[in-house]
Structure formats: structure tokens, C-alpha cells
Amino acid sequence: MNIIVSGCGKIGQTIIESLIAEGHDITAIDISKHVIDDITNVEDIIGVNGNCTDCDTLKDARIDDAELFIAVTGSDETNMLSCFLAKRMGAKHTIARIRNPEYNYQSLVFLRQQLDLSMAINPEMLAAQELYNILKFPSAEKIEHFSRRNFEMIEVTLKPDSVLDGVSLFQMREKYDAKVLVCAVWRDGEVFIPNGSFVLKGGDRIGITATATEILKLFKELNVYQKQAKDVMILGGSRIAYYLAKMLISSGSTVKIIDKDSEVCKRFCDGLPKANVVIGDGTQQELLLEEGIKDTGAFVSLTGVDEQNILISVLAQSFDVPKVIAKINRDELAELADNLGLDTIISPKKIVSDVLVRYARALRNSLGSNIETLYRLFDDHVEAIEFKVTDEFDCQNVPLKDLALKPNILIAGIIREKKPIIPTGNDVILAGDKVIIIAADRKIQELSDILK
């Protein structure tokens, strides 16, 4: 597809890289000539230097030929206006980044309708929601939801002394009552789609699919379950921190926010009167100790500097804080954080990239793919995709054991009439089902792509 991306900051560049990997033709617009020169020197794309709210700039980018226009500049108003113009000038679909907390849900619905937006995305809100999900279930490092939360996939790293060390998946299924499926394993930089004879090892990062109830049951049986964090300390008064604190307070958690900018703290006090807001330099160990970091249930580092988030999170882990999460956007630093033992990191730009890749893939294959959800896991080596099965799928009512699947493909779950099924070889796929597919090192465009 011909896709135009306006705004080539961190998120814009990540979106461009992801869409190029999907095989789309990309045109980038940015008001900075230096930024356009840099990105066109690295990526095989067309660059247009100009203001995305200027009709001539949009014409230069061939807006009338665009199937999708994505506006992710630093200004909500610019994004909305450029999408409005793009749609009027011929773009088939438009997506705007809208980040301002002052736009509530009702406002966004109204704006989307009036501007004829295909989608409005808020990276900070999406990141906060992911953080909130993890803090509700701290035993997991990452949680993804399918079929409106009827089905989940979680990531967790096995400790060196884990009771699952040296246990095959067959043995695990016999020993534990929970109905779960280990659908992917990351070991020493390599990803595996395991069968029943696969033997787990301490240090493995594993992906598990099941309902929330069954996952909880497994963690309790393994004696690694952590209760929901009720006292949360947040470092950095960012938009993500605001959204996260609001969610946590609404669920009954106690929240302490630390930032050295007094104006930022004042805004948090005004907007979140139930939060405990502290003015101070949270990178100083003395302040963290004074504010009770050793007694907090979870610590979340959300400053604008990745290096700070890593170092302070490592410090928090040294104080035995039960759950520590760091925001890291730079890929090379995410790898460093993993090597330093940080078990949970989030990247807002990757979260948004997943959303847009899913949307673009669904547009390109709208005649039968019906992609509902798409997540990329294990450093993008694994995709977890939820399809809604249509009448066009040729292998309905065929036992899964009789399907000739391509290598590194696993059918990890079936949702039928809102009832989740951990599939066995005797289960079948029917029209109307939602099917969770796990694919390693390959891209699945539509459900039929899983077959040889």
C-alpha cells in the first residue's frame, strides 16, 4: 500500500521502519529538512520537506494516491488538521496521534467523527494501559489481551531455580492442573515454537496462552504468584505517569509521583488530588530511601531519559522492590536493560507501531483476513495474531491434527461464542471463531497463510 507518515520523531521513525518491513511504499513528511535527509539516507522511502497542513506539501507527497495517511507530529492540532485535509484531498484512511489528557473519551469520539478519522491513537495512554495490566498481575513481564480480554498471552522468564527447569511440556501438563499452553520460548537469542517433548530450562523466556483464571491457577501452583501492587512509586511526571496514576488510583492503589520540576508537580496535584506528589530529584538514592522505596510494592521509572530509567530501576531491584518497570525507547538500551536483569520494560513507540502494523495489514487483506489483534513479541521474532474466521476459510471443520501447518506456526487458542478453548488435535475451526496464531520469524497476512 501507499502510506504517508507525517512526523518523523521517535515514534514516526519506528512506524516507518515497521511498515517498510511489511512491504509498504512509504512517503515521509517532516518540517525539518535535516530530519528528512537523515531518514531518506537510511531508508528506501520518498521524503517531503514541508508542513503537513499545507496543501502543496500534501500534493507533493501524492496524497490523492495514499491508501493510509498517519499523522504523528508533536502537535495534536496539527495531526488532526492534516488528517482532515488529507481525507478531503483523496487519502482513503487517516490516523492521528492525539495525546493531550484534556481530550477525554467523549471528546475523542466526537473529534474522530467530525474529522472522519479512521483511528485516533494516544501512545502515552496505550503505554499506561500496558503498565496498569502488568501492575495488576506483577508475576508477568508482559501481558497481551485477545478477544476483549477473554484470552491472554503472558511473557515470563523462568528463574534458574525454577521448578520447571528440566521439565518437558508433556510433564508440565501432567503435573499441573491449569489449562495453559506454552506457545513460544526464547532461549539464547533463538525462538522456538515448542512441541510436547520440548524441555524447559532456567533462564528461558516463555510465552503462555490461556484465560486469566487458568494463568493465575498455574502461577499459584508454581508458587510464583505475586499479588497486585497496591503501593506504587512513579519516577517522572510524564503524560504516561498521569494516565497510569489515574488508573491506579481508580482501582484503589496508593500512588506516589516524584519529579524535580515544581510546575509539573503542581499540575499533578491539581489533576490528581489523591496522589502523593513529591518535588525532588528521584535519581538520588537518599530521596528514594526517604520516600520509602524499600517498602513500596512496585516502582515504575518514566523519566524522559532511558539511561536514567535503567540505572534507577537497577537500584530499585537492589532494594528488593517486588516489581520494577522501566520505560525504554532505544532498542540498543533495551538489550542492555535485559542484560542487567531488568525483567520488565515498556516501549511506547513499539506499542503504537504494533497497533498501526495491525491496522495496515488488516486493510491490505480485508477480503478474508479479518485481523482483530496483532502483537509482536520476543524482540519482534514472534507474532501473536487474532483472526476472525470467515466463510472463505477452506479448512473449516477439519481436525487440527490433520492440518498441514507451515513450520514455526502454532494454533494457540480458539474463542467460540466467547468461550476460550486451548486447542488439541481433535478440535476444529469454524466460521465465526476467533483463532490465535503464533508465528515465529514469519509474517502471517491472513489465516490461510498458516497452511502449506
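Considering every residue within segment 23-41, establish whether at least one is open to solvent by 10 Å² or more (accessible area, probe 1.4 Å), more than 30 Å from D379 (Cα to Cα) and outside any helix (DSSP H, G or I).
Yes; the residues of segment 23-41 include at least one that is open to solvent by 10 Å² or more (accessible area, probe 1.4 Å), more than 30 Å from D379 (Cα to Cα) and outside any helix (DSSP H, G or I).
Could you identify the single residue in K294, K256, K260 that is farther than 19 Å from K136 by Cα and surrounded by 16 or more Cβ atoms within 10 Å (Cβ to Cβ)?
K260
Would you please list the contacts, defined by Cβ atoms under 8 Å and residues six or more apart or on different chains, that run from a residue in segment 240-253 that is at positive phi and modelled with pLDDT under 95 to a residue that is among the aromatic types (F, W, Y) and assigned to a loop (DSSP other than H, G, I, E, B)?
Hits for this filter: zero, empty list.
Going by the conditions given, is I415 without any contact (Cβ under 8 Å) to a residue 12 or more places away in the chain and either open to solvent by less than 40 Å² (accessible area, probe 1.4 Å) or under 22 Å from the mean Cα position of the chain (by Cα) (or both)? Full working, then the answer.
Working: without any contact (Cβ under 8 Å) to a residue 12 or more places away in the chain: no; either open to solvent by less than 40 Å² (accessible area, probe 1.4 Å) or under 22 Å from the mean Cα position of the chain (by Cα) (or both): yes.
For I415, the condition - without any contact (Cβ under 8 Å) to a residue 12 or more places away in the chain and either open to solvent by less than 40 Å² (accessible area, probe 1.4 Å) or under 22 Å from the mean Cα position of the chain (by Cα) (or both) - is not met.
Mind listing just one residue for me: the one in segment 304-341 that is within 20 Å of D259 (Cβ to Cβ), out of contact with any strand residue (DSSP E or B) (no Cβ under 6 Å at 6 or more places or on another chain) and among the polar types (S, T, N, Q) and, of those, least open to solvent (accessible area, probe 1.4 Å)?
For segment 304-341, the residue satisfying everything is N329.
Please indicate, with yes or no, whether at least one residue in segment 165-181 is farther than 19 Å from I411 by Cα, in a strand (DSSP E or B) and at pLDDT below 95.
no
Farther than 17 Å from G23 by Cα, of a type in the set (A, V, I, L, M, F, W, C) and at pLDDT 90 or above: which single residue out of L377, L340, L400, L367 fits that description? Show your work before the answer.
On the way: L377 fails: at pLDDT 90 or above; L340 fails: at pLDDT 90 or above; L367 fails: at pLDDT 90 or above.
Of L377, L340, L400, L367, the one residue that is farther than 17 Å from G23 by Cα, of a type in the set (A, V, I, L, M, F, W, C) and at pLDDT 90 or above is L400.
Condition first: of a type in the set (V, I, T) and out of contact with any helix residue (DSSP H, G or I) (no Cβ under 7 Å at 6 or more places or on another chain). Can you find one or more residues in segment 395-407 that meet it?
Filtering segment 395-407 for residues of a type in the set (V, I, T) gives 398.
With the extra rule that they be out of contact with any helix residue (DSSP H, G or I) (no Cβ under 7 Å at 6 or more places or on another chain), the set shrinks to 398.
Yes - at least one qualifying residue is present in segment 395-407.
Could you say which residue among F151, F137, F110 is open to solvent by 10 Å² or more (accessible area, probe 1.4 Å) and over 23 Å from L248 (Cβ atoms)?
Details: F151 fails: open to solvent by 10 Å² or more (accessible area, probe 1.4 Å); F137 fails: over 23 Å from L248 (Cβ atoms).
Answer to the selection: F110.
The values are calculated or read from the model by the stated rules, or taken from the named source; none is laboratory data. Being a predicted model, the structure only gives us computed values, none of them experimental. When we count neighbours, we look across all protein chains shown, and the Cβ atoms used for this are built from the backbone with ideal geometry, even at glycine. Calculation scope for accessible area: heavy atoms of the full protein, side chains included, ligands and nucleic acids excluded. Shrake-Rupley method; radii C 1.70, N 1.55, O 1.52, S 1.80 Å.
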